[in-house]
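Below: one structure, written as C-alpha cells.
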Amino acid sequence: MSKHDYKELGLTEEQVLNMYYFMLLARKLDERFWLLNRAGKIPFVISCQGQEAAQVGATFALDKTIDYIAPYYRDLGCVLVFGQTPTDIMMSAFAKPGDPNSHGRQMPGHFGGRKYRILSGSSPVTTQFPHAVGAALAAKMRGEKSVAYTSTGEGSSNQGDFHEAANFAAVHKLPVIFYVENNGYAISVPLDKQLGNHNTADRAVGYGFPGHSIDGNDVLECYKYTKEAAERARNGEGPTLIEARTYRLVPHSSDDDDRAYRSREEVEAAKQKDPILTFAQYLRDKGVLTPEKEQEMNDSIAKAVNEATDEAEKAPFFDPEDALTHVYEER
Amino acid sequence: MSKHDYKELGLTEEQVLNMYYFMLLARKLDERFWLLNRAGKIPFVISCQGQEAAQVGATFALDKTIDYIAPYYRDLGCVLVFGQTPTDIMMSAFAKPGDPNSHGRQMPGHFGGRKYRILSGSSPVTTQFPHAVGAALAAKMRGEKSVAYTSTGEGSSNQGDFHEAANFAAVHKLPVIFYVENNGYAISVPLDKQLGNHNTADRAVGYGFPGHSIDGNDVLECYKYTKEAAERARNGEGPTLIEARTYRLVPHSSDDDDRAYRSREEVEAAKQKDPILTFAQYLRDKGVLTPEKEQEMNDSIAKAVNEATDEAEKAPFFDPEDALTHVYEER
Amino acid sequence: MAIKSYIEAVTDALREEMERDESIFILGEDVGVRGGVFRATAGLIEKFGEERVIDSPLSESAIVGVSIGAAMVGMRPVAEMQFADFIFPAYNQIVSEAARIRYRTKSDWTVPMTIRAPYGGGIHGGLYHSQSVEALFHHVPGIKIVMPSTPYDVKGLLKAAIRDNDPVLFFEHKRCYRLIKGEVPDEDYTIEIGKGDVKREGTDVTVITYGLMVHYTLEAAEVLEKEGISTHVIDLRSIKPLDKELIIEGAKKTGKVLIVHEDGKFGGVGGEISAIIAEEALFDLDAPIQRLAGPDVPGMPYSPPQEKFYMLNPTKIADAIRKLAEF
Amino acid sequence: MAIKSYIEAVTDALREEMERDESIFILGEDVGVRGGVFRATAGLIEKFGEERVIDSPLSESAIVGVSIGAAMVGMRPVAEMQFADFIFPAYNQIVSEAARIRYRTKSDWTVPMTIRAPYGGGIHGGLYHSQSVEALFHHVPGIKIVMPSTPYDVKGLLKAAIRDNDPVLFFEHKRCYRLIKGEVPDEDYTIEIGKGDVKREGTDVTVITYGLMVHYTLEAAEVLEKEGISTHVIDLRSIKPLDKELIIEGAKKTGKVLIVHEDGKFGGVGGEISAIIAEEALFDLDAPIQRLAGPDVPGMPYSPPQEKFYMLNPTKIADAIRKLAEF
Ligand SMILES: Cc1ncc(C[n+]2csc(CCOP(=O)(O)OP(=O)(O)O)c2C)c(N)n1
Ligand SMILES: Cc1ncc(C[n+]2csc(CCOP(=O)(O)OP(=O)(O)O)c2C)c(N)n1
Ligand SMILES: [Mg+2]
Ligand SMILES: [Mg+2]
C-alpha cells in the first residue's frame, strides 16, 4: 500500500483514478494477449504484468504534450498514458494496419509513434538510452522545455549504451530521465548473476547526478520521484536516474517457461504485492474508488479490450509487397 | 612530494631506488622518441611523460611472475617494470624485428608480449578492460592466485566496455584491478566536456566494489593503493577501481599541437609537480638517492637508451611479404 | 548411428567437448538453469556446474571481450549470443580484437574462441529475431564462419570450431533446430572448417547455398527431377574460408550457377561467390551467374504475409533453377 | 571557381550548410577548439559556438546514438568518427538503429544524420589508423555510403549527405586530405548520392574504383596511354547505392573490367560489383572480371616496407590493366 498521500503530491481524485484506470487497462490488455497467444491467434506476447505502477506512475509525471518517451518492450502502461489506444495496441499485437508502432513490421512491444511523442524502439536492448539523450540535447539546443524519458530493465542496464548515454547526458546537464524497471530477472538470470550492486540507482553517483531506488509497486512513489526528476530537468539541472523495484509476475515472454528458474512460492509472494491490487485497496480506503466507480471502470475496460480485439482480429493484413517500401525516403 | 613513508609501506631502499630508476628510464626513452621523431626517424610518438609515477607505482605492486597486465598506450612505465628492455622499446618505435609488442605491425605504444605477461593491446580504447576480466576469470576458474591489471585514460573510461567489464568483474568477484590514469585531457577535450563527475573512481559504488581517487604524481601512493587492491583480489574479494590523478606534460602525440587547447601556464604549473622531480627530491631528502647513485643511474640510463637506439636504427626492417603471415594458425 | 535433431547435435557436441577438455567453458545469457532460450545448453549446468556454464550479465561486448581475455591465457570459451541479431554490440570486440590478436602479435597471443549464435527467419521474429548476419563478418580476415545445415555437419563442425585455435563464428539456423533431423555417428569426429559438401549430384544447374536454404534447395531439386532437370547442390557449410575449389568445380560442371541465400542480396555473401566464379571460371559458363536472395530491406517484417513474402522457399528456388535450366 | 584541397572542401561544405540551416550541428571527439585531429572542423566552433560544435566524450556509440535521437526530433547532426577505424563501437547504433528506424516505422520516424569518418592507409597508421571500412557496411539496407575522391565531389556530396533525409556514411580518405587539390565552384551545388562519374574516357579496359585509388588509376592510365592502352575510369563516388547503370555501361564498353579498391579483396565491395556485371553483362565480356585489392590480412602493418607492400599504387594498377588489355 502506498505510503504517500496523493493529495500531498498535488494529485486530484480524478487523477489517481485515472492512474488506476491506466494500470488496469494495461493489465487487462496484457491478459488478453496471453489468451490470444494460447489460442494460436498471435505468435508472441511480452508482458507488463507487475510493472504497471512503475510505468503509469512515471509517465503520469510527464507532460505528454511536450515530452518525449523512449520506453522499452514492457512499457505498455507508459504508451497508454501517452495516448495509445486499445485498438492501437491490438493492431500491433496482430501486426495489422493501424499499428502505430511499426505498421506491422515489428513484434509487439516495440513501441513508437510520432503523434504520441514515443520514439521508435527496437529489440537490441538499451539502444534507446542514447536516443533519449539526443532528444534532450535537441530540446536544450532549441531552448524547449521538454524532457526526454527513457526506460529499460535492470539486466539491460549492463549494456555499454547505458553508461555512454548517462555520462553524455551528465556532461551536458540534459533534461533526461533514465528509468530502470528492476524486476529481479533478465529472462532467467537473477540479480546475483546480473549485477555487482543490486541497486542500479547507485550508478548515478559515478556520473554526478541524483539516483533514487524506489518502490516500483507504489504508483504514487513512482509519480513523486519522476515528477521531481522532470522538474529538475526542466530547470536545467540535468538528468536523474530512477530505479523502480518491481517484479515480473509472468514468464519473460510467451516463449518462456519460468518454472525452470524461479519457485512458485516466490511468484505467489510477489502476487501479494501486485501493484494493481494494492493501489485499488489504497483508493478504496481513501474512499476514492467506490464500488460503482470500480464496476464502471471494469466494464468500460472490458468493453474496450473486447472491441479492440475484435477490430484487430477482423482487420486485413498488410499486402506482402508492402514489405519493400520505406527503406529510404520515397520521393 | 610523497606524503608516504616508504618504509611504512614495507619498501626497501633498493626498491624505491628501483622505482625511481624505472620512472627515469621511461622518461628518458620517451624524450628520445621525440628527438627521433623530430629528426624524421620514427613516424609516431605517444608519451608517458608526467604519468610515470602512476604507472611504475601501480605495476611495482604486482607480481610479474604470475599477474597479467593489459596496459594502454601511455604505459611505458608499466611494461618496463614488467620486463621490457630499452631495446624492446626501441625496436617497437622503429617497427623492427625484436619488437615484442607486435613485431613491427602496430604503432608504438601498442604493448604486448606473452613472455612478459602483457596482453596485446590495440588502438580502439578500453577494449582491454574485458580482456583483463577474462584473464581474471580464467585465474579464478583454475584456482590460480594471479591478478589481472588493466589501465586506460579517463576519456576512454566513457566507453561502454568500461561499464560492461566492471559489472562483469563485480558479479563474479574477479581478481582484477581497473586503473584510470586521469590526466585531465582526452586529446584536447578537458574534463568538463568529458565527464559528468570528474572523479571516475566514484563509479565503483555503482558496481559494488571499492574505488579510490589517488595522487598519481605520488609513486608511493600509487604503489600503496594498488598493493591493497592486489591483496583484495588475491583474497577473492574482487575488483578495485583506482583513479590516479596525473597530468600529461606533452602533447597527446607527435601529431598533436596542444597549444590550441591549453595554456602554457597550465603546463608549466604541472611541470612543477613533475613526479620524477618530486620523487627524486623525496629520495634525496631521505638520503636514499645520493649524488653518486644519481650520477650512476643517469649514466647507465643514458647508455642504455643510446645503445638501444643505435641497435634499433641499424636493425633491418621486416620483409614486406612477411605482412601476409599469421592471419590464421599456420600448420 | 542415431537420429538426432539439429539442436541435439549442438548440445551433444558441447557436452562431449567439455568432457574432453577442462579448459572449455560456456558463457552467455540464460545458458545456465534455463539451458538457453532455445535449450541448446540444456543439461550442461547440471553436469558441469555454474563455473563452466556461466549465465552472464546482459552485455554482449563483455561476453565476447571476457571470452577473448580468457582465451588468450589458455581457456577455450564458447560464447553464446542469444540471437545473432544481438551480436552487434560485440562487433568491435570481434572485428577489432578477436580477429586481429594473432596477426598483431605474430601468433604470440591467440584467441581460441567459438561464438555460437542462432540466426535466420521464418519464426515470427520480426526485424530483430530473424537476421542472417554473415555478410557483416565475411570480409573480416582472422575469423572463420561456419553455417551448417544438418545435424551431422553441426556436430562435426562445432567440435572442429571448439578445437580451432582461431576465433570461429558458428551460426545455427533457428528454423533448423527442431525441423531438421538426421543421422549422427556415435564416435567422435570432426569436419574440416572451410570444406563444402555436395549434398546432391546433378548435371544441369549448380546451386551454391548454405543453412536452411540447403534443405529448401534439395526439396526444389526433388520436384525438378520429375521435370527432367538435374540439380547439383553444394552446401558451403563454411562461409569463411570458402571452399573455392568446390565452387569452381561446381560451376564448371554445369555451366549454370545459382547462388541462394536467405539474407538480402546486395553486398551479401553471394557477391563474393559470384566474383570468384567470374574471375576463375568465366569461360566455362553458359548463363549469367544468378543470385536468389532475400529482398534488400532492413529486416524481415513480423507481419505474417510479409514474413512469408520475404523468405525464400522451395517454390521460389525451383522457379529460379528452372529459368536457368531453360536459359 | 577556386582551387581547394580535399579537406578544405569538407570544411567549406560544413560551414556553408551550418550557415544555411540552424538545425545542423557537429558532434565528435576534438571537433571543437582543436578543430578535429585533421582540422576538418577548423574554425567552426569560433563561428557557430560550442552549442553547435560539440566536443563529445570519447564514446562512439553515444555520438551516433545521441545523433540519432536528435535527428529523430528534427535536428540534422553531422557526427564525426575520429578515424573510421573507431566506428565499430557504434556499429549496433548504425546497423540496428539508424539504418532501420525509417523502415520499422514506415517513415513515421526518420534519421537525417551524416556520419563523417576519415579512412584509408598510406599514412603510417598501422592496423587501426589505416582501415577502409565500407565493406562492413555496404550490405546494410537503409544507409547510404559516400566515398568521394576530389574536392569538387567532396563538397557537392557532403552537402547532399547533410540534406539527405536518411543516414549517410561519408568516408573521407586521409591521404587525399592535403594531397588532392582541385577546382570547386563558389556557388552552392550538390551531387546526387548514388551517381558515379567517368573520370576518364577510354576504350580498352574499364576500371571501376573510388577514393584514393581513383587518382592512382588516373596516374596509371596516363602511363598506359603512352603504351597505346586506353583506360576507361569510373569513379563510383557512392558505394551505396551503387551506380549500376554506369557500371554495366562501362563493362559493356570495353568488355574488360578491373575493379580496384584499397581494402582487402575477400568480401569487399568489389565482389558485389563483379556479381552485378556477371549477372547483367556476362556476354559482353571479353575477359574474366578482375579485382585488384589489398591483401586479405587483418590490417595494414605499421612497418614501412610492409605498409608499402600492402598499399596499391599506380604501378600495381598499371600492371593489372596491362595484363587485362593483353588478355
Ligand atoms: C542486446 C540484446 N541482447 C539480448 C537480448 C535478448 N533479451 C531480450 S530481453 C532480455 C532480458 C532483459 O532483462 P531486463 O533488462 O532485466 O528486462 P526485463 O525483461 O526483466 O524487463 C534479453 C536477454 C536483446 N533483446 N538485446
Ligand atoms: C574507440 C576510439 N575512439 C577514438 C580514438 C582516438 N583517440 C585516441 S587516444 C584518444 C584520447 C584518449 O584520452 P584518455 O582516455 O583521457 O587518455 P590519454 O590519452 O589522455 O592518456 C582518442 C580520442 C581511439 N583510439 N579509440
Ligand atoms: Mg529485469
Ligand atoms: Mg586523459
Checklist line | Qualifying position, being under 28 Å from C:Arg52 (Cα atoms), within 16 Å of ligand 2 (Cβ to nearest atom) and more than 8 Å from every other protein chain (Cβ to nearest Cβ), among B:Ser213, B:Ser151, B:Ser157 | finding: B:Ser151
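Per-residue answers, yes or no, for (1) modelled with pLDDT of 95 or more; (2) closer than 24 Å to C:Asp108 by Cα; (3) β-branched (Val, Ile, Thr); (4) surrounded by fewer than 24 Cβ atoms within 10 Å (Cβ to Cβ):
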| residue | (1), (2), (3), (4) |
| --- | --- |
| B:Met19 | yes, no, no, no |
| B:Thr59 | yes, yes, yes, no |
| B:Ile66 | yes, yes, yes, yes |
| B:Asp75 | yes, yes, no, no |
| B:Ala93 | yes, yes, no, no |
| B:Met107 | yes, yes, no, no |
Notebook entry, point to check: Can you name every residue in segment C:208-227 that is of a type outside the set (Val, Ile, Thr), in a helix (DSSP H, G or I) and crowded, with 17+ Cβ neighbours inside 10 Å?
Noted result: C:Leu212, C:Met213, C:His215, C:Tyr216, C:Leu218, C:Ala220, C:Ala221, C:Leu224
Check: Checking D:Ser67 against (1) on the phi > 0 side of the Ramachandran plot; (2) facing another protein chain (nearest Cβ under 10 Å); (3) touching a helix residue (DSSP H, G or I) at 6+ places or on another chain (Cβ under 9 Å), which test does it fail?
Finding: (1)
Checklist line | Check on B:Phe44, aromatic (Phe, Trp, Tyr), over 26 Å from B:Asp322 (Cα atoms) and surrounded by fewer than 24 Cβ atoms within 10 Å (Cβ to Cβ) | finding: no
Next item on the list: With respect to A:Ala169, determine if the residue is out of contact with any His (no Cβ under 9 Å at 6 or more places or on another chain), more than 16 Å from ligand 1 (Cβ to nearest atom) and within 26 Å of A:Phe82 (Cβ to Cβ).
Entry: yes
Notebook entry, point to check: Has segment B:214-222 got any residue that is within 24 Å of A:Gly160 (Cβ to Cβ) and away from ligand 1 (no atom under 16 Å from the Cβ)?
Noted result: no
Notebook entry, point to check: So which residues in segment A:152-201 are polar (S, T, N, Q), more than 21 Å from D:Tyr91 (Cα to Cα) and touching a residue at least 24 places away in the same chain (Cβ under 8 Å), if there are any at all?
Noted result: A:Asn182, A:Asn183, A:Ser188, A:Gln194, A:Asn199, A:Thr200
Notebook entry, point to check: Out of (1) over 26 Å from A:Thr200 (Cβ atoms); (2) in a strand (DSSP E or B), the odd one out for B:Thr150 is which?
Noted result: (1)
Margin query: Against the conditions (1) out of contact with any strand residue (DSSP E or B) (no Cβ under 8 Å at 6 or more places or on another chain); (2) not in a loop (DSSP other than H, G, I, E, B), where does A:Glu243 fall short? Just the number, please.
Written below: (1)
Note to self: Please go through (1) assigned to a helix (DSSP H, G or I); (2) surrounded by 12 or more Cβ atoms within 10 Å (Cβ to Cβ); (3) more than 18 Å from the chain's Cα centre (by Cα) for B:Ile276 and return the number of the only condition it doesn't satisfy.
What the structure shows: (3)
Note to self: When you check B:Thr278 against the structure, is it out of contact with any His (no Cβ under 9 Å at 6 or more places or on another chain), β-branched (Val, Ile, Thr) and away from ligand 2 (no atom under 14 Å from the Cβ), yes or no?
What the structure shows: yes
Next item on the list: Taking the residues in segment D:153-207 that are of a type in the set (Gly, Ala, Ser), out of contact with any His (no Cβ under 8 Å at 6 or more places or on another chain) and not in a helix (DSSP H, G or I) as candidates, determine which candidate is nearest to the other protein chains (Cβ to nearest Cβ).
Entry: D:Gly194
Item checked: Contacts under 9 angstrom Cβ, first residue in segment A:203-222 being more than 18 Å from B:Phe209 (Cα to Cα), partner of a type in the set (A, V, I, L, M) and modelled with pLDDT under 95, 6 or more apart -> A:Asp218/A:Met1
Margin query: Scan segment B:257-266 and tell me whether some residue there is more than 16 Å from ligand 2 (Cβ to nearest atom) and in contact with a helix residue (DSSP H, G or I) (Cβ under 6 Å, 6 or more places away or on another chain).
Written below: no
Margin query: Exactly one of these conditions fails for C:Gly250: (1) more than 11 Å from every other protein chain (Cβ to nearest Cβ); (2) farther than 26 Å from C:His173 by Cβ. Give me its number.
Written below: (2)
Note to self: For segment C:90-104, give me each residue that is touching a Pro at 6+ places or on another chain (Cβ under 6 Å) and of a type outside the set (S, T, N, Q).
What the structure shows: C:Ala98, C:Ala99, C:Arg100, C:Tyr103
Check: What number goes with the only condition from (1) in contact (Cβ under 8 Å) with a residue 60 or more places away in the chain; (2) under 25 Å from B:Asp30 (Cα atoms) that B:Glu237 does not pass?
Finding: (2)
Item checked: Residues being more than 8 Å from chain C (Cβ to nearest Cβ) and part of a strand (DSSP E or B) - total across segment D:277-299 -> 3
Next item on the list: Being outside any loop (DSSP other than H, G, I, E, B) and closer than 23 Å to B:Glu329 by Cβ is the filter; apply it to segment C:126-152 and report the residue that is farthest from ligand 1 (Cβ to nearest atom).
Entry: C:Lys144
Check: Is it the case that segment B:113-129 has a residue that's within 16 Å of ligand 2 (Cβ to nearest atom) and farther than 22 Å from D:Gly125 by Cβ?
Finding: yes
Check: Somewhere in segment A:91-108, is a residue hydrophobic (A, V, I, L, M, F, W, C) and away from chain C (no Cβ under 14 Å)?
Finding: no
Margin query: Here is a list: C:Arg76, C:Arg52, C:Arg104. Which entry is within 27 Å of D:Asp296 (Cα to Cα) and either touching a residue at least 40 places away in the same chain (Cβ under 8 Å) or in contact with a strand residue (DSSP E or B) (Cβ under 8 Å, 6 or more places away or on another chain) (or both)?
Written below: C:Arg76
Check: Can you name the condition, by its number, that A:Arg232 falls short on among (1) farther than 26 Å from A:Val16 by Cα; (2) away from ligand 2 (no atom under 16 Å from the Cβ); (3) without any contact (Cβ under 8 Å) to a residue 60 or more places away in the chain?
Finding: (1)
Next item on the list: Take A:Ala138 and decide whether it is aliphatic (A, V, I, L, M) and either within 16 Å of ligand 2 (Cβ to nearest atom) or crowded, with 24+ Cβ neighbours inside 10 Å (or both).
Entry: yes
Margin query: For segment B:116-135: of the residues being assigned to a helix (DSSP H, G or I) and more than 8 Å from chain C (Cβ to nearest Cβ), which is surrounded by the most Cβ atoms within 10 Å (Cβ to Cβ)?
Written below: B:Gln128
Check: Is it true that A:Tyr149 is hydroxyl-bearing (Ser, Thr, Tyr), out of contact with any Pro (no Cβ under 6 Å at 6 or more places or on another chain), in contact (Cβ under 8 Å) with a residue 24 or more places away in the chain and within 16 Å of ligand 1 (Cβ to nearest atom)?
Finding: no
Notebook entry, point to check: Pick from C:Ile7, C:Ile26: which is within 21 Å of the chain's Cα centre (by Cα), in contact (Cβ under 8 Å) with a residue 60 or more places away in the chain and in the same structural domain as C:Tyr177 (by TED's automatic domain parsing)?
Noted result: C:Ile7
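The values are calculated or read from the model by the stated rules, or taken from the named source; none is laboratory data. Quick caveat: nothing in here was measured; it's all calculated off a predicted structure. Counting neighbours? That spans all protein chains shown, and the Cβs are built from the backbone with ideal geometry, glycine included.
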